[in-house]
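A.B. asks: Let me begin by handing over the structure; questions about it come next.
The values are calculated or read from the model by the stated rules, or taken from the named source; none is laboratory data. Since we're looking at a predicted model, the values are computed, not measured. Virtual Cβ from ideal backbone geometry, glycine too; neighbours counted across all protein chains shown.
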Amino acid sequence: MRKYLELSDLELLQKIIKKDARALEELYERYSPVIYAIIKKIIGEDKNAEEIIIKVFMILWNRANLFPLHTQNVYVWLIYLTRNLAIDTLRRKLDPDNSLVYNDEYELKYILPVIDGKIDPLDLKTALEIKLKFDDELNKLSEEQKQIIHLSFYEGYTIDEISEKLFVPVVKMREKISDCVFQLRKNLLSE
């Protein structure tokens with residue numbers, strides 16, 4: 001049992017590819033609290049959060065072989081998988097007449113994340129430190145900027161959808177999003 005605690009996320013993932021249930025359990029123990037928090041922030045309720053967590057780890061179990069090993073970024077992959085699945089769940093709840101069928105093809109195209117190999121691998125401790133710093137800097141933005149970031153990242157709205165929702169022309173919304181990102185980047189790099 002102890003040996004699994006000492007394995008890196010990537011080593012655990014390689015064991016999951018070989019269908020090692022204990023490795024999946026270890027990743028669940030490491031990341032379920034973070035994943036739960038992300039789901040809660042996106043869908044705003046506890047009721048479906050457990051179901052989504054289970055689905056995230058079922059996808060990991062069934063699709064681990066599709067993880068881009070060269071990125072070595074299991075944490076980031078899991079976070080984006082969670083985000084994509086939570087946003088999809090929320091959209092389906094808000095639009096029950098959605099005509100897109102959730103099947104293997106849909107999951108591969110819309111749910112599984114595509115991670116750039118240029119992103120540095122993160123361990124959980126570093127990721128949580130970055131998250132705290134990011135949250136602190138996010139709180140320094142104006143209410144409008146916070147709303148734009150929330151709609152974009154946590155609710156998965158496109159620029160056109162945010163523009164429509166906030167009654168702002170698309171060109172102006174692009175500018176506002178660019179300003180938000182610039183301000184966040186400037187604040188994060190200045191410390």
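A.B. asks: Mind listing just one residue for me: the one in segment 17-31 that is more than 20 Å from the chain's Cα centre (by Cα) and under 13 Å from ILE59 (Cα atoms) and, of those, surrounded by the most Cβ atoms within 10 Å (Cβ to Cβ)?
C.D. replies: Within segment 17-31, the match that is surrounded by the most Cβ atoms within 10 Å (Cβ to Cβ) is ILE17.
A.B. asks: Output the residue which, of all residues in segment 100-119 that are of a type in the set (Val, Ile, Thr) and at pLDDT 85 or above, is surrounded by the most Cβ atoms within 10 Å (Cβ to Cβ).
C.D. replies: Taking the candidates together, the pick is ILE111.
A.B. asks: So, of the residues in segment 33-63 that are modelled with pLDDT of 95 or more and among the aromatic types (Phe, Trp, Tyr), which turns out to be farthest from the chain's Cα centre (by Cα)?
C.D. replies: Only one residue fits best here, namely TRP61.
A.B. asks: Ok, one more. What number of residues within segment 152-178 are surrounded by 12 or more Cβ atoms within 10 Å (Cβ to Cβ), of a type in the set (A, V, I, L, M, F, W, C) and within 23 Å of ASP95 (Cα to Cα)?
C.D. replies: Residues meeting the conditions: 4.
A.B. asks: Name every residue in segment 1-32 that is at pLDDT below 90 and within 21 Å of TYR80 (Cβ to Cβ), in order of residue number.
C.D. replies: none
A.B. asks: Of everything in segment 67-99, what is under 22 Å from SER8 (Cβ atoms), of a type outside the set (Val, Ile, Thr) and either modelled with pLDDT under 90 or not in a helix (DSSP H, G or I) (or both)? Give them in sequence order.
C.D. replies: Across segment 67-99, the qualifying residues are PHE67, PRO68, LEU69, HIS70, GLN72, ASN73, TYR75.
A.B. asks: Only one of LEU10, LEU66, LEU90, LEU27 is over 27 Å from THR126 (Cα atoms) and not assigned by TED's automatic domain parsing to the domain that holds ILE130. Can you tell me which?
C.D. replies: LEU90
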